[in-house]
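Notes follow once the structure below has been shown.
The values are calculated or read from the model by the stated rules, or taken from the named source; none is laboratory data. These numbers come from a predicted model, not from an experiment. Heads up, the Cβs are rebuilt from the backbone with ideal geometry, glycines too, and the neighbour counts pull from every protein chain shown. Surface areas here come from the heavy atoms of the whole protein model, side chains and all, with no ligands, DNA or RNA. Shrake-Rupley method; radii C 1.70, N 1.55, O 1.52, S 1.80 Å.
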Amino acid sequence: MKTINLDYAAAAPVEPAVLEYMLPYFKEYYGNPSSGHSLGERPRKALEEAREKVGILLEAEPKNIIFTSSASESNNLAIKGLAASAKNKGNHIISSTIEHFSILNQLKTLQKNGYEVTLIPVDRHGFLSLDKLAEAIKDETILISIQTANPEIGTIQPVEKIAAIAREKGITFHTDATAAAGWIPLSVEKMGVDLLTLAGDQFYGPKGTGALFIRRGVRLTPLIEGGIQERGLRAGTENVALIAGMGEAARIASENIEQNSKVVAAQRDKLKESLLANVPHLHLNGHPEQRVPRNLNLSVEFVEGEALLMRLNMVGIHVSSGSSCTSQALKSSHVLSAIGVPPELAQGSLLFTLGKENIADDIPYITEQLGQVAGLLRNMSPLYHQYLKEAEKNAPVQ
Amino acid sequence: MPQYSDKVMDHFTNPRNIGEITDPDGVGEVGNPVCGDMMKFTIKVKDGRIEDVKYLTFGCGAAISVSSMVSEMAKGKTLEEALKITNKQVAEELGGLPGNKMHCSNLGADALHKAIEDYMEKNKIKAESGS
């Protein structure tokens, strides 16, 4: 059976050239980059080259890039690190209701430790209210953290405008660019951000790699203390092979970002059009256009997401869902709830994230299978039967 | 996606007794779409036994399998026997359910009991009004 991955945000294969690039750092160049002898030279060089390549992706100075284990760690270093170092200036942090849990959960922890948090609401497309953001700023505000793009509904925030508001008030601005990096052009200077998070696995690099851009002058308290690796901000021997792979993936992404985005967005749009035209009772979640190129989020009315996901999995189609049954917390997507998607539609949401592989030939199959699966599950859905009865009752008399 | 037993997957893939009895003797509904699971059971009773049982389910893989299993377990049983079916027994018959699914999706026995209670209540009313 053919396998069609439409869940690239969860996992993508490492680019073959990236894997080749990494291998020598497991074998020949296994030295510790902190070593004073010659075995450390090449690994040390690999780290600096990776820093340069990630720097190019972000139009940032390489020395301002810190390597971490993931976007979650980068987000934690940015927020907890800033909160600790700026404690004497204030205790108020602003973020949004649709951030990733690696932001929201640590904000809850900070609240328990005496910090005050304001979460700004978003509109039905997922756009942050700039007026509410400006109104929320206090003398005690030390940090604003707003994502560049949402990983679930793809909405791209007006980051430059948010950064301008923060800068005017002298507040540090962090953005989680995990869903955007490698897919839309990013420039830390144009964006005006002080801290920026990304992860290598989102653009065909290895899992377990993350980076944080830290503007010169921004002071962070490290989460992991020990040696002086990564400017003393992240102790521990660097995972050289994976970092080298992330760097190489960043280089390849930088060189192809325009082409990749164009091709992937065109395929995403074809998939969207085909599904909406052929499968009844589908609803698009998020903005129709202002979204990262590879993201499509649909709600399949009258059915639940995990059942859809399981049925699609049986026919080789891999997607994700924001249903409560696919979440460990057994809560449906906080993002869909924040943009006002009714609970029953949030339960039936499907998240498609495309890769740069060509799925054009698979679109008729995906459409046909989703139609069949939705039909089969609707046939056993009390909500659908109720809908049919009401439709019959309200039908005009012939 | 949680790890489900082969039996859960069998009932999910080939659910038995789907549908709604058009003139049911008892109807039982539990859950709501906000929680993610909703089950509606309809039963037909003859000579104190469940002659037919059908269900509609809005829910995850576990919820669908549970409904299907309950319908099989209930068919042909006396009302008293069917009322003794527990959610725990249903989970056991399915070869176990993931821990986090035990409470949210394993509502099938509750829905069946509600349908039986509905039948009993209706008949009691009928019996009283008829006397």
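Worth a mention:
- Residues satisfying the stated conditions in the stretch A:345-384, i.e. within 23 Å of B:G19 (Cβ to Cβ) and within 11 Å of chain B (Cβ to nearest Cβ): A:Q347, A:G348, A:L376, A:L377, A:R378, A:N379, A:M380, A:S381, A:P382, A:L383, A:Y384
- Inside the stretch A:222-272, residues that are among the basic types (K, R) and open to solvent by less than 40 Å² (accessible area, probe 1.4 Å) make up a count of 2.
- Within the stretch A:276-314, the set of residues being modelled with pLDDT of 95 or more, over 22 Å from A:A10 (Cα atoms) and not aromatic (F, W, Y) comprises A:L276, A:A277, A:N278, A:V279, A:P280, A:H281, A:L282, A:H283, A:E301, A:V303.
- Conditions (1) basic (K, R); (2) under 30 Å from A:R251 (Cα atoms); (3) touching a residue at least 60 places away in the same chain (Cβ under 8 Å): number failed by A:R124: (2)
- When we screen A:I156, A:I184, A:I146, A:I165 for residues that are open to solvent by 10 Å² or more (accessible area, probe 1.4 Å), among the hydrophobic types (A, V, I, L, M, F, W, C) and without any contact (Cβ under 8 Å) to a residue 60 or more places away in the chain, the only hit is A:I165.
- Sole exception among (1) part of a loop (DSSP other than H, G, I, E, B); (2) under 19 Å from A:E61 (Cβ atoms) for A:G226, by number: (2)
- Options A:I359, A:I339, A:I317; residue that is among the hydrophobic types (A, V, I, L, M, F, W, C), modelled with pLDDT under 95 and more than 23 Å from B:G99 (Cα to Cα): A:I359
- Screening A:M314 on (1) of a type in the set (A, V, I, L, M); (2) at the interface with chain B (Cβ under 10 Å from one of its Cβ atoms); (3) in contact (Cβ under 8 Å) with a residue 24 or more places away in the chain; (4) open to solvent by 20 Å² or more (accessible area, probe 1.4 Å) shows it passes everything except condition (3).
- Long-range neighbours under 8 Å by Cβ, at least six apart or interchain, first residue modelled with pLDDT under 95 within the stretch B:1-27, second among the acidic types (D, E) and open to solvent by less than 30 Å² (accessible area, probe 1.4 Å): B:M1/A:E306
- Residue within the stretch A:64-73 that is part of a loop (DSSP other than H, G, I, E, B) and aliphatic (A, V, I, L, M) present: no
- Of A:E258, A:E248, A:E273, A:E238, all but one fail to be charged (D, E, K, R), more than 14 Å from every other protein chain (Cβ to nearest Cβ) and in a loop (DSSP other than H, G, I, E, B); the exception is A:E238.
- Among residues that are under 14 Å from the mean Cα position of the chain (by Cα), farther than 17 Å from A:R311 by Cα, within 12 Å of chain A (Cβ to nearest Cβ) and not charged (D, E, K, R), B:V27 is included.
- Residues in the stretch A:334-356 that are among the hydroxyl-bearing types (S, T, Y) and open to solvent by 10 Å² or more (accessible area, probe 1.4 Å): 1 in all.
Listed here are the residues, each with its yes/no results for (1) at the interface with chain A (Cβ under 9 Å from one of its Cβ atoms); (2) open to solvent by 40 Å² or more (accessible area, probe 1.4 Å); (3) in contact with an Asp or Glu (Cβ under 8 Å, 6 or more places away or on another chain); (4) modelled with pLDDT under 95.
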residue: B:P33; (1), (2), (3), (4): yes, no, yes, yes
residue: B:C60; (1), (2), (3), (4): yes, no, yes, yes
residue: B:S67; (1), (2), (3), (4): yes, no, no, no
residue: B:K88; (1), (2), (3), (4): no, yes, no, yes
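- Index of the failed condition, B:I43 passing every other in (1) open to solvent by 30 Å² or more (accessible area, probe 1.4 Å); (2) more than 25 Å from A:S321 (Cα to Cα): (1)
- Members of the stretch B:6-18 found to be open to solvent by less than 30 Å² (accessible area, probe 1.4 Å) and either more than 8 Å from every other protein chain (Cβ to nearest Cβ) or of a type in the set (V, I, T) (or both), listed by number: B:V8, B:H11
- The one condition in (1) within 14 Å of chain B (Cβ to nearest Cβ); (2) part of a strand (DSSP E or B); (3) touching a residue at least 60 places away in the same chain (Cβ under 8 Å) that A:S299 fails to fulfil: (3)
- Those residues of the stretch A:319-330 which are of a type outside the set (A, V, I, L, M), within 9 Å of chain B (Cβ to nearest Cβ), assigned to a loop (DSSP other than H, G, I, E, B) and open to solvent by 20 Å² or more (accessible area, probe 1.4 Å), in sequence order: A:Q328
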